[in-house]
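Novice: Input: one structure, supplied below.
No value in this document is a laboratory result; all are computed from the given coordinates. Nothing here was measured: the structure is a model prediction, and the numbers come from that model. Glycine also receives a Cβ, built like all others from the backbone with ideal geometry; neighbour counts cover every protein chain displayed.
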Amino acid sequence: MTGFTESALVKRLMDLNPSQQSIQTLSLWLIHHRKHHPTIVKVWFKEMCKVKDNRKLMFMYLANDVIQNSKKKGPEFGKEFETVLPKAFEHMKGFDEKTRERLNRLLQIWEERGVYDKLQIAEFKAAFTDISKDSGAQPPKKKFKSDIEKVKKDKKERKKSETEVEVDGTKELHVTLSPRTPAGDPPETEELIKALMDLENTASSDAGVRERIASLPPEVSEVSLLANLADRAAADQLSVAVNEAAALLADYNGRLQAEMEDRRRLLTMLRDYTLAQRQLLQQAQTTLEDYKEKLKKVCAVRSEVKSHISNLPDLTQLPDVTGGLAPLPSAGDLFSMH
């Protein structure tokens with residue numbers, strides 16, 4: 001893993017995307033550099049406030065993943081995030097109902113798993129929730145039943161979300177705790193454009209790394225060549241080369257795996273986006289036809305009005321005493337007559 005710097009963290013946050021792979025990868029990197037937790041949380045909050053609204057929820061999912069998966073290493077991240085989360089939730093106060101539902105779900109997970117106590121959860125919720133909108137609470141019995149069902153469902157989801165990852169040469173069980181975006185939810189146009197642009201610099205198109213792999217000496221991959229080792233120095237030199245080759249290949253394989261995940265996600269995004277655009281196109285066509293009909297009616301009324309106007313008498317002239325037509329008196333004539 002690369003060393004920690006504030007600029008490296010900002011770049012990784014800017015490159016973050018909503019995929020499970022992207023959030024998990026960055027979460028592991030942050031946990032690996034947990035001794036910098038004050039700086040990490042400070043930069044996370046600063047960048048979260050700066051990004052577009054459609055990316056803020058993704059930052060909350062990243063915080064969620066870091067907080068929960070770092071607990072076995074120590075409480076640093078949980079305590080540090082606790083200082084900024086009220087402001088973070090308050091920052092998202094005016095968001096749409098769908099986002100608020102996902103934030104509520106996040107808080108529910110934290111409460112069920114004891115990430116924060118009930119008092120702290122209530123403070124987080126109050127930071128972004130309008131109490132007047134939550135007046136329609138469920139009756140106690142129904143709420144109790146639904147809570148039990150949610151806990152059972154959550155346990156099943158947690159079992160499925162456990163994956164084995166390698167950190168610092170040791171394998172660990174990482175639980176993917178970030179809530180997922182509901183399937184079929186169309187992406188924002190900016191999000192889709194960024195996902196397409198990200199594929200311009202993929203691992204599969206990295207000619208430099210592929211050339212390095214192709215130029216590796218045959219000794220690092222051929223067991224039969226070990227018989228050619230003459231002494232301990234040669235063996236040590238080969239050991240270094242093999243370790244470097246393994247690290248290079250492991251890193252490249254991880255990048256290829258992430259690329260595959262990104263391409264699958266992009267395929268889903270394109271499908272959902274295309275479906276949404278077709279629906280919007282159909283709505284626009286229906287609206288256009290409606291307004292065309294209204295335009296026809298307005299034009300018909302306009303023609304009828306013109307026809308009526310042409311048949312009306314000319315009121316600019318009035319009959320005189322002789323039966324002829326006399327012009328209407330002007331304002332000056334009326335005053336002189338008076």
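Novice: Based only on other Cβ atoms within 10 Å, what is the fewest-to-most ordering of Ser19, Ser7?
Specialist: The fewest-first ordering by Cβ neighbours comes to Ser7, Ser19.
Novice: Is the C-alpha gyration tensor of the range 196-241 telling us rounded, prolate or oblate? Criteria: a/c under 1.5 is rounded; beyond that, a/b larger than b/c is prolate, otherwise oblate.
Specialist: Prolate shape, in that a/c is at least 1.5 and a/b is the bigger ratio.
Novice: Kindly put Thr99, Thr189 in sequence by how many other C-beta atoms sit within 10 Å of each C-beta, fewest to most.
Specialist: Numbers: Thr99 17, Thr189 11.
Arranged by neighbour count, lowest to highest, Thr99, Thr189 become Thr189, Thr99.
Novice: Roughly how many whole Å is it from the C-alpha centroid of the range 182-261 to that of the range 3-59?
Specialist: If you average the Cα positions of each part, the centres end up 24 Å apart.
Novice: Kindly put Trp29, Trp44 in sequence by how many other C-beta atoms sit within 10 Å of each C-beta, fewest to most.
Specialist: Lowest count first: Trp29, Trp44.
Novice: Let me ask another. What is the spread of the Cα atoms of the range 213-293 along each of their three principal axes, largest first, in whole Å?
Specialist: Projected onto the principal axes, the Cα atoms of the range 213-293 cover 92, 16, 15 Å.
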